[in-house]
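Below is one structure; the comments refer to it alone.
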Amino acid sequence: MRILAIDMEEVITQPDTLKDKIIRRIDDLSPEKLKELDQYIDQLENHKNSKQKILSFSGGWRDLDEEVFLSLTEILHDNRKKGSKRIL
């Protein structure tokens, strides 16, 4: 059986990982702040999911007819300019 020698001073002076720091800070939060943190994490996760949904459409126009593509891009901008009313 091999016993590893551990220098306690080295263990104590090793920098904490980011996760360790965050966990320590979370442990000190009030119940109200924990609820806010939970809501914030939900927002982060929802943002990630919505970004993935948007990216799932990439390449969707790949097989689109050239004329249809132009009407959805360049011609659309021209039509919007013609139909817009300026507020003076």
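Odds and ends about this structure:
- Test set (1) in a loop (DSSP other than H, G, I, E, B); (2) open to solvent by less than 80 Å² (accessible area, probe 1.4 Å) - residue 63 fails condition number: (2)
- Test: residue 45 is under 21 Å from the mean Cα position of the chain (by Cα) and either outside any loop (DSSP other than H, G, I, E, B) or modelled with pLDDT of 75 or more (or both): yes
- Evaluated against (1) open to solvent by less than 100 Å² (accessible area, probe 1.4 Å); (2) modelled with pLDDT under 80; (3) aliphatic (A, V, I, L, M), residue 22 falls short on exactly one condition, (2).
- Qualifying residues in the range 66-88 (those that are assigned to a loop (DSSP other than H, G, I, E, B) and open to solvent by 100 Å² or more (accessible area, probe 1.4 Å)) - the one modelled with the lowest pLDDT: 88
The values are calculated or read from the model by the stated rules, or taken from the named source; none is laboratory data. These figures come from a predicted structure and were not determined experimentally. Note: accessible area is taken over every heavy atom of the protein model, side chains too, but ligands, DNA and RNA are not part of it. Shrake-Rupley method; radii C 1.70, N 1.55, O 1.52, S 1.80 Å.
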